[in-house]
Amino acid sequence: MKRVLPAFMTAMALLCTSAAWAAATITIVNGDPAGVGFNDATAVAPVGGNAGTTLGAQRLNAFQAAASKWGATLTSTVPIRILATWEALPCNDGGAVLGSAGALEVFRDFPGAPLANAWFSKAETNKYVGADVDPSTPDIRARFNVNLGRPGCFTGTPFYLGLDNLHGAEVDLVTVLLHEFGHGLGFQTYTDDETGEQLDGVPSIWDYFLLDTSTGKLWKDMSDTERAASALKSGKLVWNGAMVKLAAQTVLQQGTPVLTMLAPAGIAGIIQVGTASFGPPLASPGVTGEVMPVVDTPPDRGLACAPLSPANALAVNGKIALIDRGTCTFVVKVKNAQDAGAIGVIIADNAAGAPPPGLGGTDPGIVIPAVRITLDDGIRLKAALATRSRTHSGVYANLGVNLAIRAGTDAAGRVLMYAPNPNQPGSSVSHYDVSAVPNLLMEPSINGDLTHEVIPPRDLSFPLLRDIGW
């Protein structure tokens, strides 16, 4: 069964094509009108291995380079067609949509399908069928920002059109293309991550691999309401695929900063943290201690915006202080706790949202570690502290780097997916989480340190495609 995805138009203008030949053939279908995008005749000097002498030719060469990289990685006897245009996309000097791409059509229950009752991209469907299931329609639709670098659109920061990744302060086009082509090949869900509604009531192939570790359920087994809630569970939504899990052991850095709750047993586990730009970085084995709240603002809140009272100071001396966000800066709060004898600080957010952002500020006089946790985690921690005495809580934690957990995975080694709260349409769920170290190509933002690789040991893009059948 075929389903045309409503987010993309199928009309096209076949002006010119280019192909990359390897394990798969990827053809770029030029959909630009005369004088625009690929057809821009503005003279330019060759740059970074890109020998084009017009702006349009250099753009097309960059597309060919990205197509060649994916073509050398994939296996399919059916050419993959990408309809591409250069357009005015949302942009200002504070942020820009660099580009977008996705499958134009998805299919299920086709001959040779690796899994029944699941939607697959057209490009992957063609691979299994051995022919183009809809020759009238390209496989992928791609749009890229023609205004990047012009006044009012990341002014002075255009796409770098070189092929050598030596982009400096500019935005490397080949990297952006590799990312967006990845989406079109199948690195995306066809389930609505805001409402949880599946396309025609049928799971995306992604739903068979998205696991909510807080419920133990795969997305394919959830209700719409459960999926919508799961898409907001930063640190709890993981990719449950064997290829990605195995590759993560060679790609991702060992060790990640966390708050580890040690006791009592009812709250034991790992809590995501935002780290501080001041004080010592979290380390291994880290700082272990009893957690005690600062209580200086009724009802039962502690802001630590002034030197702690004698009772508060006695409570947190030699312990990890729990402080509420609000009213004053993070450095003021942590310095006041440090002056009272605290060995570390946990700051609980006062607004909903996940993952917890970092703690900004500068104070060279701060010598104890500090982290930020979400409002929800703060509420749970406070509940565990509710039965404390004046000087003891019985709640113990460690602030440190857990070497058993790779940066960007959960404790079981499964790679985290991007599940921020609030939801970010177009980014949530269809990307790896931003906690991965090193940065991955398929994170929601393009980072300047990315390579042009899509396979281990440099990246995890292709292992996920392998999990879904490529």
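Worth pointing out:
- As a length-normalised measure over Cα pairs under 8 Å and 6 or more apart, the relative contact order of the stretch 184-314 settles at 13 percent.
- LEU359 sits among other residues whose Cβ lies under 13 Å from its own Cβ, and their net charge, with Lys and Arg +1 and Asp and Glu -1, is +2.
- Probe 1.4 Å - accessible area at PHE38, Å² to nearest ten: 20 Å²
- The charge dipole of the chain, taken about its Cα centre with unit charges on the Cβ of Lys, Arg, Asp and Glu (plus for the first two, minus for the last two), comes to roughly 800 debye.
- Distance between the stretch 262-293 and the stretch 418-470 - C-alpha centres, whole angstrom: 27 Å
- Cα centroids of the stretch 183-230 and the stretch 368-402: 33 Å apart.
- Counted charge near ASP132, where neighbours are those whose Cβ lies closer than 9 Å (Asp, Glu -1; Lys, Arg +1): 0
- For the chain, averaging the sequence separation of C-alpha pairs within contact (under 8 Å, six or more residues apart) and dividing by the residue count gives a relative contact order of 14 percent.
- Measuring nothing but protein heavy atoms, the accessible surface of the stretch 181-249 at 1.4 Å probe radius is 50 percent carbon and sulfur.
- When the charge dipole of the stretch 339-402 is built from unit charges on Cβ atoms (+1 for Lys and Arg, -1 for Asp and Glu) and taken about the Cα centre, the candidate among PRO364, GLY394, LEU375 whose Cα reaches farthest toward its positive end is GLY394.
- Normalised by residue number, the volume inside the convex hull of the Cα atoms of the stretch 224-285 is 160 Å³ per residue.
- The residues TYR190, TYR208, sorted by heavy-atom accessible surface at 1.4 Å with ligands and nucleic acids left out, run TYR208, TYR190 from largest to smallest.
- The accessible surface of the stretch 321-452, taken with every protein chain in place and a 1.4 Å probe, is 55 percent carbon and sulfur.
- Selection from LEU60, SER100, GLY112, by position along the positive dipole direction of the stretch 52-159 (Cβ): LEU60
- Angle between the chain longest axis and helix 242-251 axis [Cα atoms, degrees, rounded to 10]: 70 degrees
- Average accessible surface area per residue within the chain, 1.4 Å rolling probe, Å²: 39 Å²
- Violating pairs (Cα-Cα greater than 27 angstrom) within the set LYS69/LYS217; LYS333/LYS382; LYS319/LYS382; LYS2/LYS220: LYS69/LYS217
- Mean sequence separation of contacting Cα pairs (under 8 Å, at least six apart), scaled by the length of the stretch 145-243, corresponds to a relative contact order of 16 percent.
- 0 to 90° range, to nearest 10: angle between helix 375-385 axis and the chain longest Cα axis: 30 degrees
- Note on the stretch 330-348 and the stretch 71-148: Cα centroid distance 51 Å, given to the nearest whole angstrom.
- Other residues within the sphere of radius under 11 Å centred on the Cβ of TYR160, judged by their own Cβ, net out at -3 (K and R +1, D and E -1).
- Largest to smallest in accessible area, the residues ARG141, ARG380 fall in the order ARG380, ARG141 (1.4 Å probe, all protein chains included).
The values are calculated or read from the model by the stated rules, or taken from the named source; none is laboratory data. Note that this is a predicted model, so its numbers are computed, not measured. Methodologically, a virtual Cβ is constructed for each residue, glycine included, from the backbone with ideal geometry; neighbour enumeration extends over all protein chains shown. For the accessible areas, the whole protein counts, side chains as well, though only heavy atoms, and no ligand, DNA or RNA atoms are used. Shrake-Rupley method; radii C 1.70, N 1.55, O 1.52, S 1.80 Å.
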